[in-house]
Amino acid sequence: MTAPTARSSHAALEALRGEIGKAVVGLDAAVTGLVVALLCRGHVLLEGVPGVAKTLLVRALAASLNLDTKRVQFTPDLMPSDITGSLIYDTRTAQFSFQQGPVFTNLLLADEINRTPPKTQASLLEAMEEHQVSVEGSARPLPEPFLVAATQNPVEYEGTYPLPEAQLDRFLLKLNLPLPSREQELDVLRRHAEGFNPGDLAAAGIRPVAGPAELEAAREAVSKVAVSPEITGYVVDVCRATRESPSLSLGASPRGAKALLSTARAWAWLSGRDFVTPDDVKALAPSTLRHRVRLRPEAEMEGVSADSVISGILAHVPVPR
């Protein structure tokens, strides 16, 4: 079989977005964000009120990819070993053997991640950062590719545990899923009236259109997208401006700057270019940085949002020509 080229991989990922659209209505930005995360070897946090198709979006992504997929429903009584796995004593051999947890997969759907206590949330930290799990001093590598797509309800909802900054920083993107417009909601109801079943995505016509080979070829192409010194300086200036904003008590870290450069590169490639422009940085800055900054209490009381602060920074930081 012929190895995928950059051109064929680009076409496959474009088709991937179309396949997801067969099941999900009005979430084009979130679909693009998931594709960008796949290209950057990152993870995605999806936030929205219950019922806006967060879980369906990730399941549709899994159905469109030829990858192993597992789902974990995060609950208050979930233990770390329920995710990573544990040592089991085998009476036949009188030895302990490791039983893999659901994290040993390509695409892990961490459903309602903020409904489980911090100890269990933290069990994903090593997996997300190092792509491995350590149990009893032994490191066990995870399959490649590996992506955590976590969903969460807004923190003001009952029964939620806010993710700590260290965990949030491990997510490449935080994507906010809005309520649909009237036309989009009508489309959703029409599909259900015609027999659409969210539990049977194959019946909706979703088929795998890309796999590990296409993804690896696309990642190789993204790594060759040119970044000028002026663009690198622009990314640094934007992130440094978040640390100096009077509305923020915590700005983006150097990891955030690295993430912004990576996502801008992926967006440039998806847009059909082999170089990054300032507009690529502006397009990905909100979803890459919104979860890496913290508002001051007085700013929150005034109704200021992280997105509005980031928009103000993008409007004031000089754009390279």
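Dipole check for the range 140-291: with +1 at the C-beta of Lys and Arg, -1 at the C-beta of Asp and Glu, and the Cα centre as origin, the magnitude is about 300 Debye.
Think of each Lys and Arg Cβ as +1 and each Asp and Glu Cβ as -1; about the Cα centre, that makes the dipole of the chain roughly 500 debye. Beyond 17 Å, the tail of the calculated P(r) for the range 244-321 holds 47 percent of the Cα pairs. Summarising the overall dimensions of the range 33-108 from its C-alpha atoms, the Rg and Dmax are 16.1, 49 angstrom.
Near the amide H of residue 43, within less than 5 Å, lie the amide hydrogens of 172, 173, all on another chain or at least 5 residues away, with H placed in the peptide plane. In the chain, helical runs assigned H by DSSP with n ≥ 4 each contribute -39500 (n - 2.57); averaged across all residues and rounded to the nearest 500, the mean residue ellipticity at 222 nm is -13000 deg cm²/dmol. Under 5 Å from the amide H of residue 142 lie the amide H atoms of 132, 133, each residue being 5 or more positions distant or on a separate chain, with H modelled from the backbone and absent for Pro and chain starts. For the range 178-240, the dipole from Cβ point charges (+1 on Lys and Arg, -1 on Asp and Glu) about the Cα centre works out to 40 debye, to the nearest 20.
Pairs of Lys residues in the chain that lie 8 or more places apart, or on two chains, and have C-alpha atoms under 29 angstrom apart add up to 20. On the range 153-281, 55 percent of the accessible area sits on carbon and sulfur atoms, based on a 1.4 Å probe. Derived scalar couplings between HN and Hα for the range 27-44 equal 10, 4, 5, 5, 4, 4, x, 5, 5, 4, 4, 4, 5, 9, 6, x, 10, 10 Hz in order, rounded to whole Hz, by the Karplus curve 6.51 cos²θ - 1.76 cosθ + 1.60 (θ = phi - 60°), x for Gly and Pro. Above 22 Å, the calculated P(r) of the range 167-304 contains 57 percent of its Cα-Cα pairs.
Ranked from largest to smallest solvent-accessible area, with a 1.4 Å probe on the protein heavy atoms, 292, 265 come out as 265, 292. The region of the chain that goes longest without hitting one of the GluC sites (Glu not before Pro) in a DSSP loop, each with at most 12 other Cβ atoms within 10 Å, is 1-135. Volume per residue for the chain equals 171 cubic angstrom (convex hull of Cα atoms). Applied to the range 9-21, the Karplus parametrisation 6.51 cos²θ - 1.76 cosθ + 1.60 on θ = phi - 60° returns per-residue 3J(HN,Hα) values of 5, 4, 5, 5, 6, 5, 5, 4, 5, x, 5, 4, x Hz, with x for Gly and Pro. Restricted to Cα atoms, the range 113-185 shows a radius of gyration and a Dmax of 15.4, 54 angstrom.
When the solvent-accessible surface of protein heavy atoms is calculated with a 1.4 angstrom probe, in what order do 239, 40 fall, highest first?
Correct descending sequence by accessible area is 40, 239.
Calculated from the alpha-carbon coordinates, the range 146-243 shows an Rg and a Dmax of 20.1, 54 Å respectively. Here, the range 18-173 is characterised by an Rg to Rh ratio of 0.99, where Rg is the alpha-carbon radius of gyration and Rh the Kirkwood radius.
Just want to confirm a number: the relative contact order over the chain, from Cα pairs under 8 angstrom separated by 6+ residues, in percent. Don't jump to the answer; show the numbers that get you there.
Details: 532 pairs, mean separation 69.9, N = 321.
Dividing the mean separation by the residue count of the chain yields 22 percent.
Using the 1.4 Å probe convention, the accessible area of the range 59-143 works out to 49 Å² per residue with neighbouring protein chains retained. Computing FRET efficiency as 1/(1 + (r/R0)^6) for residue 298 and residue 28, where r is the C-beta to C-beta distance and R0 is 41 Å, gives about 0.70.
The values are calculated or read from the model by the stated rules, or taken from the named source; none is laboratory data. A quick note: this is a predicted structure, and the numbers were derived from the prediction, not measured. Glycine also receives a Cβ, built like all others from the backbone with ideal geometry; neighbour counts cover every protein chain displayed. Note: areas computed on protein heavy atoms with side chains; ligands, DNA, RNA excluded. Shrake-Rupley method; radii C 1.70, N 1.55, O 1.52, S 1.80 Å.
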